[in-house]
Amino acid sequence: MSRTASIVLFAILWAILSTYLYVCQIKDKCSAKEPTLSTAPARAEKVVNIPENEPKPEPKKVLEPKPKPMPEPEIEKKPEPTPEPEQKTQPKKIVEKKPAVCTDYLTGYLKRGRAANKAADAKKVEEFLNEYQGENLAVDSTYGEKDIEAIKRFQAKYKKEVLDPHGLPAPTGHVLNTTRAQINKLYCAQKERKNES
């Protein structure tokens, strides 16, 4: 084959190839007669459009059962003591102890030879003189000479209380107002001392 024929043949092949590529790639006619995706009947498919901004559903959380709280022990409430009504305390009265009143020991009068002399009074004088004045008289309930002499010694001892109020210079031996009063005074004083001891 000559060189010229080779060039002509090459040119023809090039032309055919170029035409094929043009038709196939540009005009999309180089596919076989098999049904393409564009010509085949489309299947009915449901397309769910999910919007981009819609939040995706979160998976459900399985909640574990919470443990039941233990019941608190009941505390017995003690009833509050009711306040007792205030008792008005009265102030204690201070009772002053009054000194015991000593009753008269001797109540009658005694005189020498007097018929009205009482035996009870004579006995009291004799007992008083023996116990409180140290005499040693017979207690016979008779106001005799020894009793009179003892009373004279008593009057002389307490001259200021017995004789001076009457202006008497010497003892008389009679048991009258001032002598009786002095006997009662001394008797009560001695009695109080005994009670205190």
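Any idea which residue in the range 160-176 is farthest from Glu145 (Cα to Cα), counting only those that are part of a helix (DSSP H, G or I) and in contact (Cβ under 8 Å) with a residue 12 or more places away in the chain? I'd like the intermediate steps shown before the answer.
Taking the range 160-176 and keeping what is part of a helix (DSSP H, G or I), we get 160-162, 164-166.
If we keep only those that are in contact (Cβ under 8 Å) with a residue 12 or more places away in the chain too, we end up with 161-162, 165-166.
Working: Glu161: 23, Val162: 20, Pro165: 25, His166: 23 Å.
Here the residue is Pro165.
Can you pull out the residues in the range 100-141 that are of a type in the set (A, V, I, L, M), part of a loop (DSSP other than H, G, I, E, B) and loosely packed, with under 15 Cβ neighbours inside 10 Å?
Residues of the range 100-141 that are of a type in the set (A, V, I, L, M), as a first pass: 100-101, 106, 110, 115-116, 119-120, 122, 125, 129, 137-139.
Subsequent filtering for residues that are part of a loop (DSSP other than H, G, I, E, B) retains 100-101, 106, 115-116, 137-139.
Ala100, Val101, Ala115, Ala116, Ala138, Val139 - these are the residues of the range 100-141 that are of a type in the set (A, V, I, L, M), part of a loop (DSSP other than H, G, I, E, B) and loosely packed, with under 15 Cβ neighbours inside 10 Å.
Among (1) at pLDDT 90 or above; (2) closer than 20 Å to Gln182 by Cβ; (3) in contact with a helix residue (DSSP H, G or I) (Cβ under 9 Å, 6 or more places away or on another chain), where does Ala138 come up short?
Of (1) at pLDDT 90 or above; (2) closer than 20 Å to Gln182 by Cβ; (3) in contact with a helix residue (DSSP H, G or I) (Cβ under 9 Å, 6 or more places away or on another chain), only one is false for Ala138: (2).
Looking at (1) exposed (fewer than 15 other Cβ atoms within 10 Å of the Cβ); (2) assigned to a helix (DSSP H, G or I); (3) in contact with a Leu (Cβ under 9 Å, 6 or more places away or on another chain), which is the only condition Ala150 fails?
The number of the failed condition is (1).
The values are calculated or read from the model by the stated rules, or taken from the named source; none is laboratory data. Everything numeric here is computed off the predicted structure, so don't read it as measured data. In this analysis, Cβ positions are derived from the backbone assuming ideal geometry, glycine residues included, and neighbour counts consider all displayed protein chains.
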